[in-house]
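A.B. asks: Before we start, here is the structure in question, set down as structure tokens.
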Amino acid sequence: MSNIRCIGIATGGGDAPGLNAVIRAATKAAIVEHKWKVVGIPDGFDGLIWPEKSFELTLDKVSGILPRGGTILGTTNRGNPFHYKKEDGSDLHDISDQVIANAKQLGIDAIITIGGDGSQKIGYELFQKGMKIVGVPKTIDNDLSATELTFGFDTAMHTVTDAIDKIHTTGASHHRVMVVEVMGRDCGWIALAGGIAGGAHVILIPEIPFTIKNVCDYIARREASGRGDCTIVVVAEGVKPPPEFKENRRGGSIGILIGNAIERGSKKEVRVSVLGHIQRGGSPSPFDRVLATRFGVAAVELIAGGEFGKMVALRSSKVVAVDMADAIGKLKAVRPHGELVHTARAIGIGFGDEEENC
Ligand code: F6P
């Protein structure tokens, strides 16, 4: 058993719908079940650089936050205490000792770090330096290999599906090709699942190399078969520019560049929608609320059992604990010959590669 009186909660990296549900569940379980004090650490581990900004999380403080998107604690994807930028942005230095000392000064015995791969890596490094850390995985990208699902993904799916449904009606009215760029960083889960749910015709993901020519041929075949009133092309933001690509991406929207290339190649009118951060916003779906609540309670139970350096995860639909060391740095890419891609191909969705099936 662990000798815990006070825990801290921090949210790091990009926000995701469901963060507040984890904060609420962990706070409630800690206070009601264990009579612990709970401290909210603002803006990821940045909140431990300025400990005076931390504040107590009470039952009142977490009341009403379940349906709220974002995080009441704030977050950052820049504040790494092992490589911290000086205020003038000049140099990177290690302030992890200061962070650990500040946590002690606040009376924090253990910390729940809710975040993606970057935040879990920081948490693991702090654990290696003696801090009692437990991780909760989060990302709309659903790209962490240690867990079948992360909360936030389902809500993002709702947003993407709703957007594609709307794009269908305007695209069909104007007989256009509609390109929809979605998030997902280096993995194609949002594009693949959102594309299937939204009835996309073509899905371009980082895991499957494609050519613009194949996409244009697909559009031409749809037209020739009389089904070409509108073609929806979902593009994952992380796709690599195809070999025939002439334009320099220079950090701009890959969806716009691909849309331009399709317009040139297909001679069709093309419009592009970049869904962007609306995919990260809004109220969490019921599924994400439940998963986030299960993760929050499980994290508190790990602390109560003295199981540190662990991250909660979903495996075979059960919440389990995995070693943080095994969980970090391993991305879960879409398998190009996996069941979901096979399902998409079987209903005629194209991937812009050589295995087209229109
Ligand atoms: O990891 C979540 C995510 O939304 C990615 O899909 C996207 O590439 C990135 O974060 C955007 O980050 P930022 O909010 O820093 O622009």
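A.B. asks: Please list, short to long, the whole-number percent of alpha-carbon pairs of the range 179-324 in consecutive 5 angstrom bins beginning at zero.
C.D. replies: Whole-percent P(r) values from 0 Å outward: 2, 9, 15, 17, 14, 11, 8, 8, 7, 5, 3, 1, 0.
A.B. asks: Please compute the modelled spin-label separation between residue 91 and residue 287, points set 7 Å along Cα→Cβ, answer in nm with one decimal.
C.D. replies: Computed distance between label sites residue 287 and residue 91 equals 4.9 nm.
A.B. asks: Now for a different question. What number results when the radius of gyration of the range 113-168, computed over Cα atoms, is divided by 2.2 N^0.38 Å?
C.D. replies: Normalised Cα radius of gyration, the range 113-168: 1.50.
A.B. asks: With every protein chain present, what accessible area does residue 332 have (1.4 Å probe, heavy atoms only), rounded to the nearest 10 Å²?
C.D. replies: Surface accessible to solvent at residue 332 totals approximately 40 Å².
A.B. asks: Based only on the alpha carbon positions, what is the Kirkwood hydrodynamic radius of the range 272-358, in angstrom?
C.D. replies: Hydrodynamic radius (Kirkwood, Cα only) of the range 272-358 equals 16.8 Å.
A.B. asks: Of the heavy-atom accessible surface of the chain (probe 1.4 angstrom), what whole percent is carbon and sulfur?
C.D. replies: With neighbouring chains kept in place, the figure for the chain is 52 percent.
A.B. asks: For the chain, what is the accessible area per residue in Å², given a 1.4 Å probe and the full set of protein chains?
C.D. replies: 43
A.B. asks: Also, quick follow-up: Which is farthest toward the positive dipole end of the chain among 341, 83, 41, measuring Cα position about the Cα centre, with Cβ charges +1 (Lys, Arg) and -1 (Asp, Glu)?
C.D. replies: Farthest towards the positive end: 41.
A.B. asks: Please work out the Cα center distance from the range 108-133 to the range 219-288, rounded to the nearest Å.
C.D. replies: So the two Cα centres are separated by 38 Å.
A.B. asks: In square nanometres, what is one fourth of the surface area of the convex hull spanned by the alpha carbons of the range 1-103?
C.D. replies: For the Cα atoms of the range 1-103, the hull's average projected area reads 7.3 nm².
A.B. asks: Can you list which of the DSSP-assigned H helices in the chain have a Cα extent of 24 Å or more along the long axis and an average Kyte-Doolittle score of at least -0.5?
C.D. replies: 153-174, 286-304
A.B. asks: Continuing with the same structure: Using the Cα centre as the reference, give the magnitude of the dipole from point charges on the C-beta atoms of the range 218-309 (Lys, Arg: +1; Asp, Glu: -1; all else neutral), rounded to the nearest 20 debye.
C.D. replies: 440
A.B. asks: Put +1 on the Cβ of every Lys and Arg and -1 on every Asp and Glu Cβ in the chain; which of 218, 270, 175 then has its Cα farthest towards the positive end of the dipole?
C.D. replies: Of the candidates, 175 comes out farthest on the positive side.
A.B. asks: Using alpha carbons only, what's the Rg to Rh ratio of the range 262-318 with Rh from Kirkwood?
C.D. replies: Result for the range 262-318 is an Rg/Rh of 1.34.
A.B. asks: Under the classification rounded if a/c is under 1.5, otherwise prolate if a/b is larger than b/c and oblate if not, where does the range 88-148 fall, given a ≥ b ≥ c as square roots of the Cα gyration tensor eigenvalues?
C.D. replies: It comes out oblate by the Cα gyration axes.
A.B. asks: Next up: Just to be sure I understand the curve: with the Debye formula and one point per C-alpha of the range 170-251, what is log10 I(q)/I(0) at q = 0.18 Å⁻¹?
C.D. replies: Computed log10 I(q)/I(0) values: -0.79.
A.B. asks: Now, a different point. Taking the Cα centre as origin and putting +1 on Lys and Arg beta-carbons and -1 on Asp and Glu beta-carbons, what dipole magnitude results for the range 155-294, to the nearest 20 debye?
C.D. replies: Dipole size: approximately 140 debye.
A.B. asks: Can you compute the helix-only [θ] at 222 nm over the chain? Use -39500 (n - 2.57) per DSSP H run of at least 4 residues, normalise by all residues, nearest 500 deg cm²/dmol.
C.D. replies: For the chain, the value works out to -10500 deg cm²/dmol.
A.B. asks: Which number do you get for Rg(Cα) / (2.2 N^0.38 Å) in the range 248-293?
C.D. replies: The value comes to 1.79.
A.B. asks: Report the charge-dipole magnitude of the range 153-230 in Debye, nearest 20, computed about the Cα centre from +1 at each Lys and Arg Cβ and -1 at each Asp and Glu Cβ.
C.D. replies: 260
A.B. asks: Could you report the accessible area of residue 36 in Å², rounded to 10, computed with a 1.4 Å probe on the protein chains as they sit in the structure?
C.D. replies: 20
A.B. asks: Mind grabbing the accessible area of residue 323 for me, 1.4 Å probe, Å², rounded to tens?
C.D. replies: 70
A.B. asks: Here is a follow-up. State the antiparallel share, in %, of DSSP beta bridges confined to the chain, rounding to the nearest 5.
C.D. replies: 25
A.B. asks: On to the next question. Over 5 Å intervals from 0, what percent of Cα-Cα pairs in the range 71-190 sits in each interval?
C.D. replies: P(r) for the range 71-190, in whole percents per bin: 2, 9, 14, 16, 15, 12, 10, 8, 5, 4, 3, 2, 1.
A.B. asks: Moving on to the next point. With no solvent and one equal point scatterer per Cα, compute the Debye intensity ratio I(q)/I(0) for the chain at 0.08, 0.10 Å⁻¹ and report its log10, rounded to two decimals.
C.D. replies: -0.44, -0.65
The values are calculated or read from the model by the stated rules, or taken from the named source; none is laboratory data. Worth saying up front: this structure is predicted, and the values here are computed from it rather than measured. Heads up, the Cβs are rebuilt from the backbone with ideal geometry, glycines too, and the neighbour counts pull from every protein chain shown. When the accessible area is computed, the model is the full protein with side chains, heavy atoms only, and any ligands, DNA or RNA have been set aside. Shrake-Rupley method; radii C 1.70, N 1.55, O 1.52, S 1.80 Å.
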